[in-house]
Each structure stands twice: as C-alpha cells, then as structure tokens.
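So the structure is just underneath, and the comments pick up after that.
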Amino acid sequence: MGVLKKKKVKVIKIDLEKCNGCRACEVICSSFHAVPKYGSNNPARSRIRLIRDPLKDIFLPVYAGEYTAAQCMGRDKYIIQGKEYGECDFCRASCPSRDAFKEPDSGLPLKCDMCEDDPPQEEPLCVQWCLNKALIYEEREEEVEEEVRPDEVEAGLKSLVDKYGLGKVVDTVVRLSSKG
Amino acid sequence: MRYAETGYNLEVDLSRGNIERVETDPRLTELHIGGLGTNAKILWDRVPPEVEPFSPDNLLIFGAGLLCGTPAVGANRTIVSTFSPQTLLMAYSMMGGFFAPELKHAGYDKVIIRGRSPDLVYLWINNDRVEIRDAGHLRGKGSLETAEIIRQELNEPNAQVAAIGLAGENRVYYASIEHGRSSASRGGIGAVMGDKRLKAIAVRGTKDVNIARPARFIELCNEVLKYIQFRQENPVKGVPPILAVLGSPQEMAIHDEEWHTNNFAWGNARYRRKDFWTREVEEKWKEVQSKAVERLISCYNCPLKCGGIISHPQLKRYMMKCYSKLTYTMAAMSDLEFGFKIAGLAQEYGVDGYSTPQVMAFALELYEAGILTDRDLAGMPSDTEGRFFWLLERIVRREGIGDVLANGTYWAARQIGRGAEAYAHNTIKKHEQLPLKLGMLNPIYFLMYSTGEKINITQIEGQFPQAPFATRELREEFVKDWFQVPDERFKQYVLDWEPRGERSIPYYPTIEATCEIVDWQEKMHYIDDATGICAGVSSFHLKPPYHIHNLPDIISAAAGIDLDREGLSLAARRNRTLIRAINVRRGLRRKDERPPENHWKKRFPELEARLLDEYYKFKGFNKEGIPTRESLLELGLDYVGEDLLRRGILTDGKSDPAGEAPAEAGKK
Ligand code: SF4
Ligand code: SF4
C-alpha cells in the first residue's frame, strides 16, 4: 500500500473540430525532446501523433502513453458522426502492432511527459505551438496513492528484452561497455 | 554534419532505371541557399538551351527549401523546376503541403528526375530504400485518387504523394502536379512529369533534420509565431480583406468577395462587373461556401488555414485553396456553386486553376466570334456551365478541339489562326495571367509584370501596398509599426503616395523609388523560394513575420552558415540573376517583357521604356535585359558570363546587347 499524496494532474483537452492538421505539435515535440534540446527535429520521434486523413475529414491528435509488450487480443472500431476511425487510432500505447510512438531507429518506446523541463514550462510545448487552440492545457490537484513507476531507461530496456530476449540484450550491453 | 539540409540529392534516371544518392557541395548552400537557388544552378549546369521541354534530357527537379523539415513556421515548400512546354523558359512552381519536409526526413534535399521511362511508373522513396514501381494500374486515375491507391498498396498512411492526373499524362501544357490540397501548377510542369511517364512520387521519411544553433533558432521561431498571432489579431486597415491578414489568401475562410468580383475581369479576362457584389449575392455565396467548406486546413507546421476540405453532395471530398474557387466561377460568368463543382474535377485531372478557365472562356469567345464552329465543337452542350465541363473533358484527353486547347491560349490561337490571336490577349511570355484589366498604369506593377521570372504576379508582389491608402491618417497609421522595411525611405514613399494629383500613378512613385520597391518585393520572394517558407506567411504580405531583418539570423542559426543582411541579399540577387541568365540563354529578351496590351487602359510608352531601362540598370542587366558581365562577376557567376559570351549573347565586357535571339527556338 502506498501513501496518499497530493498530485498535480495535467490534462490536455483535445478539440478535434479545431485541428487544422498542421502537425506543428509533432514538430515542436520532437524538437524539444531532441538531444541537445531543439538540436534536431523529426516528427517520427514525436510523442504526439496526428492521425490525418483529410479526405475522410479525420484529424486526430493522439498522445503516447505506456509501453506494452503485447498487442490487444481484439480491436475496437469507432464510428463518430459517420466517420470511421482506424482500429488503433485512439490508442496511446507504444505497441508491437505499429510503428507509432517508437523511436524510428532503435524501436525504443516513446511516452509523453507533458514536457518536463527545468525551469518548468508554463504549458506543454505542443499546446504552446497549437495556435488554433485544438490543444488546451489544464491542471488540477488530486489525492492519489503513490506508486513506484519504472523509469524511462527501465521501460526502454524492458521493451528491448521483450523484443530480443534477455540474453541478447545482456550480451550487447557487455559488448558495448567493453568497447568503452 | 550538415544542418537544416540533408546534404544529399536523389538522382533518378528513368530511361535506365538508375537511382543514385549523391552528396552535394556545401559551398552551393552558401552561394544559393537552397530550394529554387540550387535548382537553378543544376538547370544551368546540366540542361543546355537546345534541350526541349519534352526531351528525356530535360530535368524535373523537386527541391525542398533549405528550412523545410526544420521547425521554421510555414517552411514547407517544394520547389519544382524544369523547362516549360508553354513558355519554353524555366518553370518553377511551388507547392505547399507536406511533401518537402517528408523528403528531408527521408534524407534528401532534392529529387532530380531525368530520362523517360518506357512505361508509366511511380517512385517510392522510403528513407534509404528507393524503388521505381510500375504504375500501369494508375493510368488515367485522378491525382488524389492516385495518392490514395499508392498509400494503400504501400500500406503507408503517412507517405506523402505528389501525382499527376490525366492532363499530365496527356501532356497538357498547363497540367499540374497535385499534392493533397496543394499543387505545383504553373508553367505546365505536370506535362513534363507526364512526358517522363512518372505518375507520382511517394515519400516517407523518419530521419532527423539537424539545427546548427538550436537555442537561438527556436527563440527566433517563437518570435515568428508570436508575431503571426499578433498580425491575425490586428488586421491591416484600409486594404481588401484577403490582404489584411496573413495566409496564402484566406479564401476558404473569407466570404467577402467584393474586391475580387468587382475588380477582376470575368469571362475571357474581359468584363468588369463593378456592381456585381450585392447583398443578395453576398448572402447566397456565404451560404454556399459555409456548406461546402467542411473544415479549414493548413500545410505542414503552419497555423494559418488557407485550405478547405470541400464536400459537396455531388462530389467526392476534395481540398481547395486560395483563389481557385473564383477562377472558374468568373471565367464562366457563373456562381460560386459552379466554382466548387468544377474545381474538384479539374484537380483530379490535374490542371492549373488559373490557365484552364481562361482557355475555356477563350474557346467560347472564339465560338461566339465564329472562329470556332459547330464542326470544331460538335456535341457541345448549350449552357455555359455545361460547356465548361465538356471542354474540360476534351482538353485533359486531348480529344478533338481539346488537343489544340491543351496547348494554352497562346499556342492554340496560332494553331487555329483566322484571327484567333486577338482573343489570346491575356498572356505574358505565352502564359495566361490573372484576369485583371485596370485603368491607369501602375509603374510598380508594370515592372513586376514585365520582368517577373515566375511569370505570375502573385510570386513577385507583396510587402508594399498594392494601391495608395485613401487618407493621410491611414498612411500614417500604416507606417507606424512597419519595421519590415529595408530602409526608412520606404515609409516616405507610402506617406507621399496619393490616389490622385501630382503624387499618384503613373508618375509616383518615381522611377527610382519604383525600382527600389520592385526590387525589395522580388528579393523577399527569392529568399522564400530558397528557404521554402510559404509566401503566405512571408513575401506575399504586408508586414509579414519573416523579413530582411530576421531572415539572415534564422537561416544562419538553422544551417550554420554565416549570413548577414548583405550576404542574404546578395544570394537572392545571385539566384535571380542566374534564372535570368538561364532564360536569356533560351531567347528571352526585352521584347518579351511586357504586360498584356490591354492590362491598363491608359498606357505611357515613353515612361514604360524608361522604367524598363532604369530597372534593368538597377538589376545589372543591359538594355536587352541580359545580365552584364560586370554584374555576373560581382555575383561570382563568371562562368555564366563566359558562357553567354561564347554563345554571342553578350558581345564584350561592356553592356552591349546582342542581336535578336530566336525566342521561339525549340518549338516544333
Ligand atoms: S498543432 Fe494543433 S492544429 Fe496543428 S495538428 Fe497539432 S493539434 Fe492539430
Ligand atoms: S506534452 Fe510535450 S511531450 Fe507530450 S506530446 Fe506535447 S510536446 Fe510532446
């Protein structure tokens, strides 16, 4: 059992009607999270993805959530006001079934961090760059039980272990460290 | 490491099916910035003037602007360059959308197409994997349709596709290359793509684009964003609605069309209808537009909403931008509903939204005049709208009279003869112009129309008001926060410019001021065309967020090249002069540089001649409009001077004009 603690809950409200499909959110997210910061840019590394199918009038920004090792047993299909969305469109998971929310080179999972920064940003970067206000940031306080969460390196390693097996990952780490 | 650019071009030879990834010379970036500039350099080096547009030796270059794929707001232009079957000169059309950034992320700055494929093919660029694929199943398919099929068969919803429609396959001289809601449509570059038997290019890229000085660069980008917001909240007063706010004209959002409908000419660029716009029309059009436009949409990384998703009960959804909602409407003397209907079909066929309606209105005028007869137009319906649809079908298939009309008004008139030439009255350098017929000569516009190398007024105007403000108060208010000017004296030109009296057109702005104003406007376009920044957030506008004071800094922070205002201005001039030289080598001379005779009712031949003389001098051209050896030397284009000398186009070190060159050379 964890302890009860006050926690700031960050919320991004997404207004699909206002999205104009510009992908500025993807651009600035990938730029902000680059190393060095803003040193490169690549929407394929973004933690927000725009599902964009203009001829169906589908414009759906989706945020990267947790990594998952296995894909769903079944799929859901949403039809909203006659528009049929793709089977995985609303899902936030970095999952083996698709390329979204994975680093394009290593395949490591990506997750939205609501833009942690030091000093803190007033709003997540994607919200700042969405001048059309399709993305609106809100904060509220909640009492929650503290839980221990795996850090990013751990989540990343776990995904590699799932993909290649523990032995191969250990071998590679040993080989890399012996190269210095 | 290369910054902002990838440092690689993709060379594709369709005749031999050969694909190569070639590293580029970073010095060329310093000299030409990129985009249009480096495209022009390649065309100068590799396509001699004897090469006809429809020759396997002609190149078709898709160049991403230098800043495309970086976070620079609105940097998304693909600059497509080749030689035009219509003008026989260099054609460079730009398309927005998502293609250029995707190409950069795939690891290339340009795709350079040469040769001609034996069969219809498309190119699939997926990072390092590039294939030429059979497109037999795409023959005759619409441009948007083609993109959909390709994305599906590749199972790559994120692939960006640029495709031609039937018009391009059939080498219609004003065929476009379509990419979603964007298109590269002027100058018939879609016909060249069709001639190469290249149906489409699909690209997907997941690599990084690097920034040289990240902190500084992002700070500048944020300033641009902030100013865009400010500008949209504070429209310029005293100008028509589409010029008051930023954006590649906000035609999808704005319904007030008083300015276009009252000032632009209807039919075959003939009639002004100064009292067309009434309350009744306004209400009707507003309703039609709000029903048709389902959502406003943007290009890559741009907050403005210049495009619209159009849905109409009788049509498949399509995307529209800018002024095309009115070009068909006005050419057919019809209404907005018709405009929305025919534009969608025209886009699937892939034809230019400016030239096409004019060609059709031209044909109907010839019919009324008895020059085209029932025999030529057998089967044509009796109503104008029906006729437009009928003609469109003939043109894109080059069927019957369509085969002649597919060559544009200039060439069609010469083929038809019997006095048809007089009806092809609205071209410059053989290319259809905006349907504008005005009263008094405007010296600024005279020079821009005459000398613009893009041969399209919207690609040279901007920055400076199109007409004097009505009152002193408006003028004063306008110049108050006009920090974009390269020099304070431009403010004085605006303050002194009056609608009537001594300081009005055609003698004010003075010749000297006119040269400076035109040069400034043109320069900003050349910079955009090299960086890939959309003119709609930049050079096309009054008080844009990008200007000569921040652009050098933005480019150097992104690309890591040393650049100040002078350096950037010099690069822009170098690009502009190189394109002039390319065209001069193909026969362009002073005699080709004039607006349509009837563009203005009141003309001033002497003043016009002096304007040209002075402007040529200002630009470093001789009296024939040919860059002088001195100016070429100054720009580091010595090799161009030597070539022109060898060809006898320049005769000595001085500014001696060469004799008449065969302007129509290369035409079968
Ligand atoms: S920045 Fe805003 S408008 Fe643009 S794609 Fe993202 S959510 Fe949509
Ligand atoms: S909140 Fe930050 S991390 Fe999350 S998607 Fe937006 S920019 Fe990316």
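Read the figures in this text as sums done on the coordinates, not as results from a lab. Please read all numbers here as calculations on a predicted model, not as lab measurements. All Cβ positions, even for glycine, are placed from backbone atoms using ideal geometry, and neighbour counts span all protein chains on display.
Brief remarks on what is shown
- For trypsin sites (Lys or Arg not before Pro), the sites in the stretch B:212-310 that DSSP calls loop and that have at most 12 other Cβ atoms within 10 Å are B:Lys237, B:Lys274.
- The orientation-averaged projected area of the convex hull spanned by the Cα atoms of chain B comes to 27.2 nm².
- Taking the DSSP beta bridges with both ends in the protein assembly as shown, the antiparallel portion is around 85 percent.
- Linear extension gain, A:Asp117 paired with A:Lys6, 0.36 nm per residue minus alpha-carbon span: 37.9 nm
- Full-stretch length increase - B:Asn127, B:Glu634 - with 0.36 nm per residue and alpha-carbon distance subtracted: 178.6 nm
- Averaged over the residues of peptide A:31-37, the number of Cβ atoms from other protein chains lying within 10 Å of each residue's Cβ is 3.
- Equivalent ellipsoid of the stretch B:248-432: semi-axes from √(5λ) of the C-alpha gyration tensor, largest first, are 29, 18, 16 Å.
- Remark: the stretch B:53-70, residue by residue, has Karplus-estimated 3J(HN,Hα) of x, 8, 10, x, 7, 5, 9, 10, 10, 9, x, 7, x, 4, 8, 4, x, 8 Hz, where x stands for each Gly or Pro and the curve is 6.51 cos²θ - 1.76 cosθ + 1.60 at θ = phi - 60°.
- Cα-based convex hull, the stretch B:40-146, per residue volume (Å³, whole number): 126
- DSSP beta bridges in the stretch B:8-204 [antiparallel fraction, %, rounded to 5]: 75
- Under the criterion of Cα pairs below 8 Å and six or more residues apart, the relative contact order for the stretch B:248-432 equals 16 percent.
- For residues of A:44-55, the mean tally of beta carbons on other chains within 10 Å: 4
- Relative contact order (%) - the stretch A:3-147, alpha-carbon pairs under 8 angstrom, separation at least six: 36
- Rough spin-label spacing in nm, given labels placed 7 Å along Cα→Cβ, for A:Glu145 and B:Glu393: 7.1
- Over 26 Å (Cα to Cα) - which of A:Lys5/A:Lys102; A:Lys10/A:Lys133; A:Lys83/B:Lys207; B:Lys480/B:Lys523; B:Lys602/B:Lys623 fall in this group: A:Lys5/A:Lys102; A:Lys83/B:Lys207
- For the stretch B:8-204, the fraction of alpha-carbon pairs in successive 5 Å shells from zero, as %: 1, 9, 18, 23, 24, 16, 7, 2, 0
- Signed unit charges on C-beta, dipole axis of chain B, positive-most listed residue B:Gly247, B:Asn407, B:Ala369: B:Ala369
- Average projection area in nm² (convex hull over Cα atoms of the stretch B:123-178, one quarter of hull surface): 4.0
- Listed from fewest to most Cβ neighbours within 10 Å, the set B:Asp374, A:Asp15, B:Asp553 follows the order B:Asp374, A:Asp15, B:Asp553.
- Taking the stretch B:8-204 and dividing mean pair separation by its residue count, relative contact order in percent (alpha carbons under 8 Å, at least six apart): 22
- Calculated FRET efficiency, A:Ala155 to A:Lys83, Cβ-Cβ distance, R0 = 45 Å: about 0.85 to the nearest 0.05.
- Here the residues B:Met319, B:Met1, B:Met90, ranked from fewest to most Cβ neighbours within 10 Å of their Cβ, fall in the order B:Met1, B:Met319, B:Met90.
- 222 nm mean residue ellipticity, helices alone, for chain B (DSSP H n ≥ 4; -39,500 (n - 2.57); rounded to 500): -12000 deg cm²/dmol
- Cα gyration tensor category, rounded, prolate or oblate, for the stretch B:177-239 with a/c compared to 1.5: oblate
- Convex hull volume per residue for the stretch B:417-530, taking Cα atoms only, in Å³: 117
- Based on alpha-carbon atoms, the Kirkwood radius and the radius of gyration of the stretch A:1-150 give Rg/Rh equal to 0.97.
- Computed from point charges on the beta carbon alone (+1 for Lys and Arg, -1 for Asp and Glu), the dipole magnitude for the protein assembly as shown about its Cα centre is near 1240 Debye.
- Qualifying trypsin sites (Lys or Arg not before Pro) for the stretch B:54-144 [loop in DSSP, other Cβ within 10 Å: at most 16]: B:Arg139
- Reachable lysines from B:Lys284, criterion Cα separation under 22 angstrom, eight or more residues apart if same chain: B:Lys274, B:Lys321, B:Lys325, B:Lys341
- The calculated FRET efficiency for B:Ala467 paired with B:Glu294, based on their beta-carbon distance and R0 = 35 Å, is about 0.50.
- Restricting the trypsin sites (Lys or Arg not before Pro) of the stretch A:10-78 to loop positions (DSSP other than H, G, I, E, B) with no more than 14 neighbouring Cβ atoms within 10 Å leaves A:Lys37, A:Arg75, A:Lys77.
- When both bridge partners sit in chain B, DSSP labels roughly 80% of those beta bridges antiparallel.
- Kirkwood radius, the protein assembly as shown, all distinct C-alpha pairs, inverse of mean reciprocal distance: 28.1 Å.
- Residues of type lysines that B:Lys196 reaches as a straight line, Cα spacing below 21 Å, ignoring anything fewer than 8 places off in the same chain: B:Lys110, B:Lys141, B:Lys667, B:Lys668
- Under Stokes-Einstein, with the Kirkwood radius over Cα pairs as Rh, the value for the stretch A:61-168 at 10 °C and 1.306 mPa s is 96 µm²/s.
- Going by neighbour counts of Cβ atoms within 10 Å, the residues B:His312, B:His541 line up, fewest first, as B:His312, B:His541.
- For A:13-23, mean number of other protein chain Cβ atoms within 10 Å: 5
- Multiplying the residue separation of B:Asp564 and B:Glu642 by 0.36 nm and removing their Cα-Cα distance gives an extension gain of 25.2 nm.
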